[in-house]
Amino acid sequence: MTTKQILSWQQALQQCVSSLDELADLIPAARDLICKNAHSAFPFKVGRRYLAKIDPNDASDPLLLQILPQAIEMKENAAFSADPLQEQHYNPLPGLIHKYAHRVLITVVGSCAIHCRYCFRRHFAYEDNRPGTKGLEAIYDYLRLHPEVNEVILSGGDPLLASDALLYAITQHLSEIPHIQRVRIHTRLITTIPERVTPALIDALTHTRLRSIIVTHCNHPRELDEDIALACNTLVQHNISLLNQSVFLAGVNDCAKTLVALSEALFSCHILPYYLHSLDPVLGSAHFDLSLKKQRALYRTMQKELPGFLVPKWVKEIPGEKHKITMR
Ligand code: SF4
């Protein structure tokens with residue numbers, strides 16, 4: 001079945017590829033690089049729309065590298081750990097992370113439609129952090145006792161894998177807490193399965209007084225396409241703000257031309273570039289790391305080539321800091 005024949009986001013999700021044999025059949029260039037041990041440590045998974053954009057004969061395709069389980073992931077590296085942001089220290093309730101004063105993060109679901117090899121939550125204890133109905137009630141109670149919190153981030157996993165009914169209920173409950181002003185959704189679904197943008201989703205995000213913001217996650221301009229632009233246009237027309245976060249990744253976007261093209265392509269899809277993260281040092285991702293010198297040189301070129309509003313903030317997260325660190 002081609003992506004054009006897919007009727008719903010649930011069908012697209014069901015058709016995600018998670019078999020290494022199928023990956024090798026569809027992308028022959030990946031065959032010799034696939035590592036079963038890396039897949040056991042963090043299973044391979046990707047949607048067909050994304051997969052269709054990979055050159056089947058290019059083992060260094062930047063889209064392939066983001067999802068390919070490779071032997072290099074198994075190499076020990078003392079500077080890389082399972083919980084690089086020490087989120088376990090900021091986890092007062094199952095499913096709730098409260099790191100910064102004015103915002104909290106809820107891990108609504110523990111699954112994703114794509115498994116990004118550099119994900120800083122690739123070792124996250126999702127089994128202890130699925131809040132469920134009771135857990136969500138406890139989170140709302142916590143928020144009522146924390147008037148300093150004005151923004152709630154729905155994350156995961158990918159929060160847009162939750163049902164529309166659950167998202168509707170969450171935004172409804174949050175809007176009943178007077179000091180909550182915004183709900184922000186961190187997702188890779190809009191740019192991998194744009195069929196997720198449905199009237200029911202829009203209703204779930206717009207039926208309350210809360211301002212809704214969707215933060216997409218895209219690292220390379222080739223991830224975007226016309227269907228994604230159309231889905232994003234629908235969101236913007238409903239007053240949902242769209243921002244993007246990306247990560248400096250060796251082999252994927254370690255080229256100024258690519259990063260400039262990414263900002264331009266995002267804006268063509270109605271998305272503003274928001275953050276460009278330095279890689280979080282999570283176990284298994286060291287091969288994506290770029291030297292600070294290289295990151296700085298790339299960023300300087302972006303500043304020269306792009307208007308200010310298309311230059312994302314280059315940031316790094318350091319455990320224990322009260323906010324992300326702006327890099328220069
Ligand atoms: S979609 Fe987001 S949470 Fe899921 S694996 Fe990728 S980076 Fe991690």
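The values are calculated or read from the model by the stated rules, or taken from the named source; none is laboratory data. As the structure is a prediction and not an experimental result, all values here were calculated from the model. Methodologically, a virtual Cβ is constructed for each residue, glycine included, from the backbone with ideal geometry; neighbour enumeration extends over all protein chains shown. Ligands, DNA and RNA are excluded from the accessible area calculation, which covers all protein heavy atoms including side chains. Shrake-Rupley method; radii C 1.70, N 1.55, O 1.52, S 1.80 Å.
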(request) Considering every residue within the stretch 189-196, establish whether at least one is out of contact with any Ser or Thr (no Cβ under 6 Å at 6 or more places or on another chain), within 14 Å of the ligand (Cβ to nearest atom), assigned to a helix (DSSP H, G or I) and under 30 Å from residue 73 (Cβ atoms). (result) yes
(request) Examine the stretch 92-109 for a residue that is more than 16 Å from the ligand (Cβ to nearest atom), farther than 29 Å from residue 315 by Cα and part of a loop (DSSP other than H, G, I, E, B), and state whether such a residue exists. (result) no
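Of 25, 32, which residue is open to solvent by 60 Å² or more (accessible area, probe 1.4 Å) and part of a loop (DSSP other than H, G, I, E, B)? Before you say what the answer is, go through the steps one by one.
On the way: 25 fails: part of a loop (DSSP other than H, G, I, E, B).
Residue meeting the stated conditions: 32.
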(request) Identify, by number, the condition in (1) outside any loop (DSSP other than H, G, I, E, B); (2) in contact (Cβ under 8 Å) with a residue 12 or more places away in the chain that residue 257 doesn't meet. (result) (2)
(message) With part of a loop (DSSP other than H, G, I, E, B) and open to solvent by 60 Å² or more (accessible area, probe 1.4 Å) as the only criterion, which of 117, 130, 121 stands out?
(response) 130
(message) Please go through (1) over 26 Å from residue 73 (Cβ atoms); (2) within 14 Å of the ligand (Cβ to nearest atom) for residue 134 and return the number of the only condition it doesn't satisfy.
(response) (2)
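Out of the stretch 153-163, which residues are within 16 Å of the chain's Cα centre (by Cα) and either assigned to a loop (DSSP other than H, G, I, E, B) or more than 16 Å from the ligand (Cβ to nearest atom) (or both)?
Pass one, the stretch 153-163, residues within 16 Å of the chain's Cα centre (by Cα): 153-162.
The answer is 156, 157, 158, 162.
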(message) The conditions are (1) closer than 22 Å to residue 185 by Cβ; (2) of a type in the set (Gly, Ala, Ser); (3) touching a helix residue (DSSP H, G or I) at 6+ places or on another chain (Cβ under 7 Å), and residue 71 fails exactly one of them. Which is it?
(response) (1)
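Quick check: anything in the stretch 213-228 in a loop (DSSP other than H, G, I, E, B), without any contact (Cβ under 8 Å) to a residue 40 or more places away in the chain and open to solvent by 10 Å² or more (accessible area, probe 1.4 Å)?
First, pick out the residues of the stretch 213-228 that are in a loop (DSSP other than H, G, I, E, B): 218-220, 224-225.
Now narrow it down to the ones that are without any contact (Cβ under 8 Å) to a residue 40 or more places away in the chain: none.
Scanning the stretch 213-228, I find no residue that is in a loop (DSSP other than H, G, I, E, B), without any contact (Cβ under 8 Å) to a residue 40 or more places away in the chain and open to solvent by 10 Å² or more (accessible area, probe 1.4 Å), so the answer is no.
Using the structure shown, decide if residue 166 is more than 17 Å from residue 265 (Cα to Cα), in a helix (DSSP H, G or I) and of a type in the set (A, V, I, L, M).
Working: more than 17 Å from residue 265 (Cα to Cα): yes; in a helix (DSSP H, G or I): yes; of a type in the set (A, V, I, L, M): yes.
Spelling it out, residue 166 is indeed more than 17 Å from residue 265 (Cα to Cα), in a helix (DSSP H, G or I) and of a type in the set (A, V, I, L, M).
Would a scan of the stretch 168-178 turn up a residue that is open to solvent by less than 10 Å² (accessible area, probe 1.4 Å), out of contact with any Cys (no Cβ under 8 Å at 6 or more places or on another chain) and within 12 Å of the ligand (Cβ to nearest atom)? Break it down stepwise before answering.
Step one: filter the stretch 168-178 for residues open to solvent by less than 10 Å² (accessible area, probe 1.4 Å), giving 170-171, 174, 177.
Still in the list and also out of contact with any Cys (no Cβ under 8 Å at 6 or more places or on another chain): 170-171, 174, 177.
Add one more test, that the residue is within 12 Å of the ligand (Cβ to nearest atom), and what stays is none.
Taking every residue of the stretch 168-178 in turn, none turns out to be open to solvent by less than 10 Å² (accessible area, probe 1.4 Å), out of contact with any Cys (no Cβ under 8 Å at 6 or more places or on another chain) and within 12 Å of the ligand (Cβ to nearest atom).
Which of the residues spanning the stretch 35-71 are out of contact with any Gly (no Cβ under 8 Å at 6 or more places or on another chain), part of a helix (DSSP H, G or I) and closer than 21 Å to residue 225 by Cα?
Applying the first criterion (out of contact with any Gly (no Cβ under 8 Å at 6 or more places or on another chain)) to the stretch 35-71 yields 35-37, 39-40, 43-59, 61, 63-64, 66-71.
Subsequent filtering for residues that are part of a helix (DSSP H, G or I) retains 36-37, 39-40, 48-51, 63-64, 71.
Residues satisfying the conditions are 48, 49, 50, 51, 63, 64.
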(message) Any residue at all in the stretch 243-252 that's within 17 Å of residue 154 (Cβ to Cβ), within 17 Å of the chain's Cα centre (by Cα) and open to solvent by less than 30 Å² (accessible area, probe 1.4 Å)?
(response) yes
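Give the residue, chosen from 204, 200, that is among the small types (Gly, Ala, Ser), open to solvent by less than 20 Å² (accessible area, probe 1.4 Å) and not in a loop (DSSP other than H, G, I, E, B).
Working: 200 fails: open to solvent by less than 20 Å² (accessible area, probe 1.4 Å).
Within the list 204, 200, the selection yields 204.
Taking the stretch 272-323, which residues are of a type in the set (Lys, Arg) and surrounded by 16 or more Cβ atoms within 10 Å (Cβ to Cβ)?
Taking the stretch 272-323 and keeping what is of a type in the set (Lys, Arg), we get 293-294, 296, 300, 304, 313, 316, 322.
The answer is 316, and nothing else.
Would you say residue 143 is under 26 Å from residue 51 (Cβ atoms), open to solvent by less than 10 Å² (accessible area, probe 1.4 Å), away from the ligand (no atom under 16 Å from the Cβ) and assigned to a helix (DSSP H, G or I)? Walk me through it before giving the result.
Details: under 26 Å from residue 51 (Cβ atoms): no; open to solvent by less than 10 Å² (accessible area, probe 1.4 Å): yes; away from the ligand (no atom under 16 Å from the Cβ): yes; assigned to a helix (DSSP H, G or I): yes.
Considered against the rule, which asks whether it is under 26 Å from residue 51 (Cβ atoms), open to solvent by less than 10 Å² (accessible area, probe 1.4 Å), away from the ligand (no atom under 16 Å from the Cβ) and assigned to a helix (DSSP H, G or I), residue 143 comes out as no.
I'd like to verify a number: residues in the stretch 276-313 that are without any contact (Cβ under 8 Å) to a residue 60 or more places away in the chain and either in contact with an Asp or Glu (Cβ under 6 Å, 6 or more places away or on another chain) or not in a loop (DSSP other than H, G, I, E, B) (or both), how many?
Going through the stretch 276-313, the residues without any contact (Cβ under 8 Å) to a residue 60 or more places away in the chain turn out to be 276-278, 289-311, 313.
With either in contact with an Asp or Glu (Cβ under 6 Å, 6 or more places away or on another chain) or not in a loop (DSSP other than H, G, I, E, B) (or both) added as a condition, the list becomes 276-277, 290, 292-305, 308-310, 313.
Summing the residues that are without any contact (Cβ under 8 Å) to a residue 60 or more places away in the chain and either in contact with an Asp or Glu (Cβ under 6 Å, 6 or more places away or on another chain) or not in a loop (DSSP other than H, G, I, E, B) (or both) in the stretch 276-313 gives 21.
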